[in-house]
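Written out below as structure tokens is the structure these notes cover.
The values are calculated or read from the model by the stated rules, or taken from the named source; none is laboratory data. Please read all numbers here as calculations on a predicted model, not as lab measurements. Cβ sites come from the backbone with ideal geometry, for glycine too, and all protein chains shown count toward neighbours.
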Amino acid sequence: MNTQATFRLLLLTSTLCGVTPHLARAQDADPAPAFGKGNVALNAGIGLGGVRPGYYGTYNDHYSNSPTFCLSAEGGVVKAGPGVIGVGGFLSHRWTRRLEEDSYGSVTYTYDERWTRTTIGARVAWHLSEHVPAHKLDLYAGVMLGYAIVGYRNESTRTVNGETTTYSSNSRPRRGYGDWSTFVGARYFFTRNVGAYAELGYGVSIINLGAAFRF
């Protein structure tokens, strides 16, 4: 290879080395925030803990509780200061079961009660976007207001001298009540549309974890 050809090859190599990092950064750069006006975000996950009726058996050996299965969606509707207000809906479901046996002489009570709670509500959150350096990170805080629909089934029995009959106490749970939650959370998007989220709150659940989707 002659001197002129060698010089041209070195020049081309140095040019590519200098331009390629800039192109990579330009392709990776995304000045848009993780959640902004016009964006729609969907959370699908499970919640643990809670402070509403139906959680009273959490620390009782005779009660078993499912996690709270949660689904929420928000759309960015208006800018507010250094962030965006998101408005959307919320849906959750969980169950609790009591399984216990008590004996008093010749009488045995077998308690088998089941509760379900489905909460339907609306949530509003403020998303801090302008001052978050990572365009993949969405930080937010908000409140959910809704209504909880309670289902109840009793399959308890009473056995007296070997004869078993159905048994029901006089107390019955409420069929529904107003429900609410406050929360702070974060979403991190691994790709443009798919990520994960975590929320810490007070109400329907204390910790909420799952997958996040952006549209």
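Residues of the stretch 157-212 that are under 19 Å from A41 (Cβ atoms), among the hydrophobic types (A, V, I, L, M, F, W, C) and not in a strand (DSSP E or B): F190, V204.
V124 - would you say it is under 23 Å from the mean Cα position of the chain (by Cα) and outside any strand (DSSP E or B)? Judged against the criteria, V124 is not a match. Each residue in the stretch 93-121 was checked for being part of a strand (DSSP E or B) and either charged (D, E, K, R) or on the phi > 0 side of the Ramachandran plot (or both), and 10 of them qualify. Within the stretch 59-86, take every residue that is touching a strand residue (DSSP E or B) at 6+ places or on another chain (Cβ under 7 Å) and not in a strand (DSSP E or B) and give me the one that is surrounded by the most Cβ atoms within 10 Å (Cβ to Cβ). This residue is P67. When you check S72 against the structure, is it at pLDDT 95 or above and more than 21 Å from D138 (Cα to Cα), yes or no? No, not satisfied.
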